[in-house]
1. Could you please state how large a percent of the accessible area of the protein assembly as shown is carbon and sulfur, counting protein chains only and using a 1.4 Å probe?
2. Of the candidates B:316, B:82, B:249, which one comes out as most mobile in a Gaussian network treatment of chain B with C-alpha springs shorter than 10 Å?
3. Using a Cα-Cα cut-off of under 19 Å, which lysines could be cross-linked to residue B:354, ignoring same-chain neighbours fewer than 8 residues away?
4. With a 10 Å cut-off between alpha carbons and a GNM built on chain B, which of B:248, B:174, B:93 moves the most?
5. Once you list every other residue whose beta carbon is under 14 Å from the beta carbon of residue B:107, what net charge do they have if Lys and Arg are +1 and Asp and Glu are -1?
6. Compute the Rg to Rh ratio over the protein assembly as shown from the alpha carbon atoms, using the Kirkwood formula for Rh, and round to two decimal places.
7. In square angstrom, what is the accessible area per residue of segment B:257-413 with a 1.4 angstrom probe?
8. Given labels modelled 7 Å from the Cα in the Cβ direction, how far is it in nm from residue B:121 to residue B:96?
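The values are calculated or read from the model by the stated rules, or taken from the named source; none is laboratory data. Since this is a predicted model, take the numbers as computed values, not measurements. Here the Cβ positions follow ideal geometry from the backbone for every residue, glycine too, while neighbour counts run over all protein chains shown. Heads up: the accessible areas ignore ligands, DNA and RNA and are worked out on the full protein's heavy atoms, side chains in. Shrake-Rupley method; radii C 1.70, N 1.55, O 1.52, S 1.80 Å.
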Amino acid sequence: MKILINKTACVGNARCAAVSEELFPLDEVGYIAVEEVDVPAGKEDIARRGARACPERIIRIEK
Amino acid sequence: MTDVATLSPVVPKPAHVPDAAVYDFDMFRDPQYVADPHRRILDLVRSAPAVFWTPRNGGHWMLLSHAANFNASRDIEAFSSEFVSKTQVEAMMAHMPPGTPHIPMPYPINVNPPEHTKYRAPLQRAFSPKTILALKDSIRTLANELIDRVIDSGGCEFMAAIAEPLPVQVFLKMLGLPLERQEEYRELVRQHLSDPEPDPKNSMMKLWRITAIMRDTVVARRDNPQDDIISLLWKTEIDGKPITMDDMENYCVVLFIAGLDTVMNGMGHGVRHLAQNPEFQDDLRKNPQNIPVATEELLRRYTFTVPPRIVGKDMEFEGLQMKKGERAMLFLPAADLDPKEFANPEGFDIKRDKPHIAFNGGVHRCLGSHLARVELQVLYEQMLARLPPFRLDPQRAPTFHCGHVIGVDSLYLTWKV
């Protein structure tokens, strides 16, 4: 499973990181630092929750 | 205070607005709205069009549905924040008599990208989740000190005793302003709140009072930097040029208005809900780990800001003709109670996993959202940990004011001692 993020559309809500800082690392000022994350086995639910938490709807999960 | 008996006069409907899109609602004075704001919003969500034009307050659009607010917040060309452009301000200043003080402009709130990005950038780090997290312990200490003062009295007027002084003190600390002048700042906040309707002359005077009270510290930090936001701002550049006193005054005004007249109302709405729901208080006392999600659901259920926008071009939006220069309100409190987005919106459910838009979205997402969240969470944690079950004082119902912020004027609480 992969997390795909439209990074340029991030406005720094940081709600994904509130679900998991490990899966959704932030940069210095609190915006998403990555565009793609490989989800480790066992973390699929947390990845989905983090994606749903984004008020900008810019996080997608790819199986 | 606003006389709720007097609604603002009705203006004629422009020809391009169809009758079906007209709904008479006074966002400052509607009596039911001022009496119990979110009850009235639920009623509007059920009975008013998803986007309507009201003839009150000069005539303006109201965006109610979640979809309309979501889309409008992200289309800054269609729904602009630039009520007065930078060029217009500069032209206005050029015509003022010499010696007229600079008119502080609330940048980056009232400016579009690319200017917005330039003015917001220096503030981003100071309000990042990481910086804010480091303040959590000191916020908890402040909350405890305020609770200490009322805990033995069996009750308090929550807004004056806790909701207003807590963010004021946090704000003074972050900016590096002298804590011993706290009373002057609180007085300025009270003056600001007692006049919620925008009158240009009054607004200007208020802005000048804000910059005047902060001026000494701003100058002192320029010469002797410390570890605070004012010092940090002096070290930044805008457009590759060193920051000016005018820029600093703009920041002072933005931080003052956005930092003080907002989160205190979130506290008021949230604590009112807790006081009305003793079983929910019990639940959270037993499961304090749920306070962060409860804070989110309180923000959704009682979203309280109504950011204004100006239509940037003639266009069609949600099947309606809108003309350049018309005003449109992002009625976020209604968006977060839209049944199309949140099933059973009136119900309170901490298990919801859809995000609310209480802090709005798009580039103007509330810069202070991380601070507000920590202040709210810590306040609820300490209120629940330290006070016995608290209720609304049955003799004194809460009072509110409405406008761009749905504010709590008074909230009397009681508890057993």
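1. Reported share for carbon and sulfur atoms: 53 percent.
2. B:316
3. Counting by Cα, and skipping residues close in sequence, residue B:354 has these lysines nearby: B:340.
4. Maximum fluctuation in the GNM of chain B, among the listed residues, is at B:93.
5. -4
6. Numbers: Rg = 22.3 Å, Rh = 23.5 Å.
Using only Cα positions, Rg/Rh for the protein assembly as shown is 0.95.
7. Each residue of segment B:257-413 exposes 36 Å² on average to a 1.4 Å probe.
8. Once both label points are built, they end up 2.7 nm from each other.
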